[in-house]
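Each reported figure results from applying straightforward, stated rules to the coordinates on display, with no laboratory input. Since the structure is predicted, the reported quantities are computational estimates derived from the model, not experimental observations. Virtual Cβ from ideal backbone geometry, glycine too; neighbours counted across all protein chains shown.
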Amino acid sequence: MFGCLVAGRLVQTDAQQVAGDKFVFNLPDYENVNHVVVFMLGTVPFPAGMGGAVYFSFPDPVGGQVWQLLGFITNDKPSAIFKISQLKPGEGGEHPFGVMTVPRLASVAQVGVSIEPLEQLVQQTPVSGATVCAVDSFMQFTQKMLDSLYNFSSSFAVSQSQMTPNPSEMSIPASSILKWYENFQRRMAQNPNFWKT
């Protein structure tokens, strides 16, 4: 149902179900992790009116877990990036994991997902510094995607004299791809959400 990507190096899709509506990922080597991406796998959607609150817990040798709300994911927002490098142990608030024993190792942090009503999710306040600005991340992704498409397309560029006629294959002038690339960049700079309209 969920996946967790740790700093671009470790993808986990085997969340441990600790209750009917609660799941946990273990994060070894958490001290060297800046960001965590939590995402839905696309196989099972949330029930209608529900979403997943995402929590983080530092390892605690004493055994008293402190969970920090990072944010949430929903069917309409199936992934989120959270910055965990600036979180501080011991800070946290109310959380749904407190009444249960969540198996853990002393040196392993955890990310928890709790399925909760959407009305409740939008009223909760994440711990400060955890949420990465979605517009910045989206802008970075879009820029990388544009660069990748342009570079990939350009790698197949040939001059007209080098072209071999092939009636079953369509050709697109490189200038058209470049023009699209420049227009898309300009529109993203003016309004990062232009594509939603």
(request) Sticking with the crude label model, points 7 Å out along Cα→Cβ, report the distance from SER176 to GLN124 in nm, one decimal please. (result) 4.8
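For the pair MET163 and ALA189, what calculated FRET efficiency results from E = 1/(1 + (r/R0)^6), where r is the Cβ-Cβ distance and R0 = 45 Å, to the nearest 0.05?
Values: r = 35 Å, r/R0 = 0.77.
Efficiency for this residue pair is about 0.85.
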(message) Using the basic label-point model (7 angstrom from Cα toward the beta carbon), what is the PHE156 to THR197 distance in nanometres?
(response) 3.3
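For the ranges 113-121, 154-162, what's the packing order if you count other beta-carbon atoms within 10 Å of each residue, average per peptide, and put the highest first? Before the final figure, lay out the partial values.
Working: 113-121: 17.1, 154-162: 8.0.
So the peptides 113-121, 154-162, ranked by packing, come out 113-121, 154-162.
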